[in-house]
Protein chains: 2
Amino acid sequence: MDEEITSEEDSLKGRPKEITHNEKLLSLKYESLDYDNSENQLFLEEERRMSYLGFRCLEISRWVVCGLIGFLTGLIACFIDIMVEQLTGLKYYVVKENIEKFTAGGGLSISLILWAVLNSAFVMVGAIIVAFFEPIAGGSGIPQIKCYLNGVKIPRVVRLKTLLVKVAGVICSVAGGLVVGKEGPMIHSGAVVAAGVSQGRSTSLKRDFKIFEYFRRDTEKRDFVSAGAAAGVSAAFGAPVGGVLFSLEEAASYWNQMLTWRIFFASMISTFTLNFFLSVYNKNPGELSNPGLINFGSFDRNVRSFVFVLTCECGGPPGGLLGALFNALNYWLTIFRIRYIHRPCLQVMEAMLVAAVTATVSFIMIYFSNACQPLDVVQGEDYPLQLYCDDGEYNSMATTFFNRPEKSVQNLFHNPPGSYHPLTLGVFTITYFFLACWTYGLAVSAGVFIPSLLIGAAWGRLIGIMLPVFPLQIWADPGKYALIGAAAQLGGSHQIRVIRPEHNKPLPGLYDIHIKLQSVPFVHSEAPPTSHWLTAREVMSSPVTSFNRVERVGTIVDLLSNTSTNHNGFPVYLQADEPPRTTLLFTLQVFVELARSKLTRRKLQLKDFRDAYPRFPPIQSIHVSQDERECMMDLTEFMNPTPYTVPQETSLPRVYKLFRALGLRHLVVVDDSNRVVGLVTRKDLARYHLGKHGLEELQLAQT
Amino acid sequence: MDEEITSEEDSLKGRPKEITHNEKLLSLKYESLDYDNSENQLFLEEERRMSYLGFRCLEISRWVVCGLIGFLTGLIACFIDIMVEQLTGLKYYVVKENIEKFTAGGGLSISLILWAVLNSAFVMVGAIIVAFFEPIAGGSGIPQIKCYLNGVKIPRVVRLKTLLVKVAGVICSVAGGLVVGKEGPMIHSGAVVAAGVSQGRSTSLKRDFKIFEYFRRDTEKRDFVSAGAAAGVSAAFGAPVGGVLFSLEEAASYWNQMLTWRIFFASMISTFTLNFFLSVYNKNPGELSNPGLINFGSFDRNVRSFVFVLTCECGGPPGGLLGALFNALNYWLTIFRIRYIHRPCLQVMEAMLVAAVTATVSFIMIYFSNACQPLDVVQGEDYPLQLYCDDGEYNSMATTFFNRPEKSVQNLFHNPPGSYHPLTLGVFTITYFFLACWTYGLAVSAGVFIPSLLIGAAWGRLIGIMLPVFPLQIWADPGKYALIGAAAQLGGSHQIRVIRPEHNKPLPGLYDIHIKLQSVPFVHSEAPPTSHWLTAREVMSSPVTSFNRVERVGTIVDLLSNTSTNHNGFPVYLQADEPPRTTLLFTLQVFVELARSKLTRRKLQLKDFRDAYPRFPPIQSIHVSQDERECMMDLTEFMNPTPYTVPQETSLPRVYKLFRALGLRHLVVVDDSNRVVGLVTRKDLARYHLGKHGLEELQLAQT
């Protein structure tokens, strides 16, 4: 295995530059977050100074912050919802008027062009801000948040600018009639809000409120971000418990009960805020009838549990098949995009093309369908379109396309038998499937959850309608089949594994595929099976560069600047005491500045690190003169004298468990005499994965 | 701090024997479970032999086992529910007939005696089986399961006998009219089922099905037990997601996504099984209208989230006050019971007394109340009792007492305004409060969840009725106030902390109190605040006894037998390699047996350990002759060559986090040269807690 480490470096040099994204590579450009407090002297001094009352105040602040996170996330969700509704309504009235004008006299192609242009315009705005201003705000945002909670530092993922682009982008793409949902972006928004609020300042706006300074480190911030993501889920789906479960699943390695309760609190406040403001907007304050952005109406909860069991048994195969097809198509499309559509203007054009095609396809389907349904005043279709139907009837296909997808899902679940023609459903399923697949991965801010649900609900309901043809019917209500279909489709494409425990080789989910294609060093919750053969000695990076306790500044600068030898390894001092790289960089800068201003040595405090967090200066920005290089720097205060260590014979699963459970950034490997022989970092663990031929090793790439 | 360790031993000798249970003590009689796989040579060899297919098969077995656990737990819940209903119905008809006979003519005291005798008889049976056959089956079982999941070995807690006594006991106590719920016992039952099914054998029945042998160790068993507990919650409350959250909260230290899904699967199957069989029992199979043993009817989920927020703001104070009062009274009662009522026959008599008093109090309240309500045929009161009411009316107080408490809670939530007289509610609250407080801790199998809910719902509804007197009403429906009250009371007595984040010193919950009174070394999810002053050197046990790699049998036997020096410390070999005690004991026995039968040395396999798990022989049962004592034993295969270690300067929170996150049983403390200087075990961490005067240290006791 030792040889492979060297051979990787060879392959790095030989590898052509252009194929930078590949699921067989592991990128080294991603740094790690440190979810384990570095217990250096400064940290311990502060903790020991703090009284019991101080700890209680901190605890109360945490609750306050979580309440704020929930409130703001709810507000943002409310804003998105109202804006989408307004814009969609506007578009509907313009198009409807136009269609009605031309229905009788002919010339509907003008309506089509109007529709396509309107949609493309919305999408263009959404794509431009994403492609040109903040590419990280594209897509659903859930993969990015998963990575963040996993401990991977994705640049700019929780910045204010990202939030603004995300929110504006999702409004544009939903209003632009794309086959997307707004749930993923909501979750991302919640996470950004949390990262901002908990730090008590905005580095983008250059405002520091001088509060919550204690929370300015990765460990604390991660806890709040998981609360924010939960609040986002809670607002999007009206399911506070679901939010807690989402966070538990993604973040759970080390967990404690108080955190669970805080997350639940944030989720509750978020749902509540959303409901309250929506009720005010709908002019019946206090009514609180919208539990979330999605309300699928109430199924008996036994129907739900029955459906769950049935989905595992019956819905699995079609859901799994369609899900796998969706993922495979999207995978190839993404590869294609990475290779050929990487310039922002191309991305904008592709998004506009998809918008125009979506409008055209929808229009054609509406035009050729004759799925007329009586207009039921009680039922209250929001956007009825008469088209060629008789008076008092409406075109149900048109409604399906004009409605927000959430509403369409709800209709598929709850409309009475006979509301849909089988052909309508069949054509709709196929069209929507391919459109959704094409849309996900565009440079727009958009989620894929609701489209999956809608596809599943459509084919589920179709099967429900077709079953009586064969004498196989269980329920009279096809809505229940729609529910099964939705669950199965979701399970199939997101690979919620419970659907398919019997599969011998679990296929990766859609988000996992996109994470892999970004070559992110994602550490899963368990080591791959059959990895007991590997030991720490074989997976670690070595040799390790090290410093003395009092080191010459020149040596430090040289080592930190030398990225080729030092890309992942962190300087290790003496035996097993290691100051992490960020801390060291910062110390260096302060030292240089202090030396320059000829001040007597000021004692560096934890506060200085907090003020700089999370944007420590890169080594390139630090200029050291020849004289300064000869100065000596005392690193004692900044190193962690008690890092976690493992013996070099430790098996990979054991190393993995320790690393993951404690949220480490680097783990020191020592020999019998406690001498440091290597370091295990994120990439050393992430590169082992289960491939077609058993345990495989990913190659490392600098990009 | 070192001095304190020695002073503890002094205090142990000087401490009077009788006060064995005290929340200021930490018992040393509880052993730990090992939730970290000991990666000794045998284990690693087996893991490395296993193919990828083998791992997949294991994974499928886990799903199968979880399905089975869910199914059996659902069945048991169904059995309990049906038995309780049958017995309660029987009792009701006997008493009703009797009361009706005497209502007109007088002589109701005979009815009272009949009622009291019937109740006492039921309770006597329930108390006898608990007190004489299996005391661990007493109470709700939740504290015991919490301890088990925390890693404390509570003897006999997951045995078949415990399950039988628990199930029979809870049926008796509920049918006996005690103020108890059956939810706690359901959770305990689920856990026992899980522990049994997952091992593929019953040691009690001496049947080994030779399946699931891989799961015969603490780590795997713990995962299944958490699934079983979740299935129990799910059956009891009809809330599969709630079950998952319960398990996450109690067990969560190291967690992975697949486990979450398996637990969810078990929970779903459990609810589904319960519903299915109950629907068959109620003669409308497939109807599935009972989501769980408790069905509180449907509140709009916004009402729920609104209530949640309101509870935090308003319900807290009364709920917290009453909860704290409940806990304080129960605390003193428990102390009293531990000191004076420890003989089984006394316990049975107390339980019978409580049953008789409960019956009498209920009877008196029914007799003196004139809360007559019109008998609504549609509403369908299950147990109407006319008593002195007019024809077509029934006594609502009698109904409240005769109903299963679950039904009463539901009525308080959903009955229309005007169903209850304020006086009825007030008297009921007070009476029920004291009865519930007296009942919890009796030697019967019974939970306290539903009584808490019922008390809360009663005072909540009372407040709801009284509010219009002051012009303070928000809702017309007093049922919503009942919901707030129930939530607040539950939060108050179980100390669900979200209710009171603002309190500076969180009071312990009811279960925590009972865990503390048992002096269980419970390791909470975080180290107490202000414990950064302590380091591993100060908390560890030392000196450490150690073995050589090849050791004389006599030395091993002597060290293991010497409980006084060795009560917690596990033999440590060479530098940081330690074979855990159970393994060593077992090895010793096998060695002795092998030596005796004059066999040539058979290689000891992991299978031998599994066959013996979890009841390894005590050292006293191993008799070693003088010749055998001189034999040498090679421990290489049984020791873990890569134990987790920490430097002696590591702070307590850091040690705590490592210990808790990995579910360790002992953590080796080493000096700079990697020499073992001490061991940190569960009791070393559990004895630090936050007292009135900051960080306090519990004393250690052998009992």
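The values are calculated or read from the model by the stated rules, or taken from the named source; none is laboratory data. Since the model is a prediction, treat every value here as computed from it, not as a measurement. We place every Cβ from the backbone using ideal geometry, glycine too, and count neighbours over all the protein chains shown.
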(Q) I'm trying to understand the selection: among the residues of segment B:650-691, which are without any contact (Cβ under 8 Å) to a residue 24 or more places away in the chain and surrounded by fewer than 21 Cβ atoms within 10 Å (Cβ to Cβ)? (A) B:S673, B:G691
Q) Of these, A:G238, A:G319, A:G243, A:G286, which one is modelled with pLDDT of 75 or more and farther than 23 Å from A:N150 by Cβ? A) A:G238
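Residues checked against (1) part of a loop (DSSP other than H, G, I, E, B); (2) under 23 Å from B:V670 (Cβ atoms):
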residue: A:P617; (1), (2): yes, no
residue: A:E628; (1), (2): no, no
residue: A:V655; (1), (2): no, yes
residue: A:L658; (1), (2): no, yes
residue: A:V669; (1), (2): no, yes
residue: A:D672; (1), (2): yes, yes
residue: A:L685; (1), (2): no, no
residue: A:L690; (1), (2): no, no
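Every residue, every condition in (1) assigned to a helix (DSSP H, G or I); (2) β-branched (V, I, T); (3) modelled with pLDDT of 95 or more, yes or no:
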position: A:A131; (1), (2), (3): yes, no, no
position: A:P143; (1), (2), (3): yes, no, no
position: A:Y148; (1), (2), (3): yes, no, no
position: A:V157; (1), (2), (3): no, yes, no
position: A:K161; (1), (2), (3): yes, no, no
position: A:V179; (1), (2), (3): no, yes, no
position: A:G184; (1), (2), (3): yes, no, no
position: A:I187; (1), (2), (3): yes, yes, no
Q) Just checking, how many residues over segment A:494-524 are at pLDDT 70 or above and not aliphatic (A, V, I, L, M)? A) 10
Q) How many of the residues making up segment A:40-65 are facing chain B (nearest Cβ under 8 Å) and either touching a residue at least 40 places away in the same chain (Cβ under 8 Å) or not β-branched (V, I, T) (or both)? A) 11
Q: Note down all Cβ pairs under 6 Å where the first residue falls in segment B:266-278 and is more than 10 Å from every other protein chain (Cβ to nearest Cβ), the second is in a helix (DSSP H, G or I) and of a type in the set (D, E, K, R), and they're at least six residues apart or on different chains.
A: none
Q: Report the residue count in segment A:71-126 for those that are assigned by TED's automatic domain parsing to the domain that holds A:L164, of a type in the set (G, A, S) and within 27 Å of the chain's Cα centre (by Cα).
A: 2
Q: Give just the number: which of (1) farther than 29 Å from A:S445 by Cβ; (2) touching an Asp or Glu at 6+ places or on another chain (Cβ under 9 Å); (3) in a helix (DSSP H, G or I) does A:S109 not satisfy?
A: (2)
Q. If you go through segment B:410-433 one residue at a time, how many are in a helix (DSSP H, G or I) and over 23 Å from the mean Cα position of the chain (by Cα)?
A. 16
Q. What single numbered condition from (1) away from chain A (no Cβ under 14 Å); (2) modelled with pLDDT under 85 fails to hold for B:N37?
A. (1)
Q: Would you confirm whether any residue within segment A:430-445 is at pLDDT 90 or above and in contact with a Leu (Cβ under 6 Å, 6 or more places away or on another chain)?
A: yes
**Q.** Top-ranked residue in segment A:632-649 [being among the hydrophobic types (A, V, I, L, M, F, W, C) and part of a loop (DSSP other than H, G, I, E, B); ranked as surrounded by the most Cβ atoms within 10 Å (Cβ to Cβ)]
**A.** A:M639
Q) Would you call B:V557 modelled with pLDDT under 85 and either away from chain A (no Cβ under 14 Å) or in a loop (DSSP other than H, G, I, E, B) (or both)? A) yes
Q.
One residue is enough: does segment A:643-656 have a residue meeting the conditions closer than 15 Å to A:E39 by Cβ and more than 9 Å from every other protein chain (Cβ to nearest Cβ)?
A. no
Q) Does any residue in segment A:522-541 that is away from chain B (no Cβ under 11 Å) come within less than 7 Å, Cβ to Cβ, of a residue that is of a type in the set (K, R) six or more places away or on a different chain, and which pairs are these? A) A:V523/A:R660; A:V523/A:R682
Q.
Checking the structure you have, find out if any residue of segment A:45-53 is of a type in the set (A, V, I, L, M, F, W, C) and more than 30 Å from A:E183 (Cα to Cα).
A. yes
Q: Give me the pairs, please: first residue somewhere in segment A:603-631 and surrounded by 13 or more Cβ atoms within 10 Å (Cβ to Cβ), second residue anywhere and among the β-branched types (V, I, T) and assigned to a loop (DSSP other than H, G, I, E, B), beta-carbon distance under 8 Å, and either six or more positions apart or on two chains.
A: none
**Q.** Candidates A:S542, A:S564 - the one that is among the small types (G, A, S) and at pLDDT 70 or above
**A.** A:S542
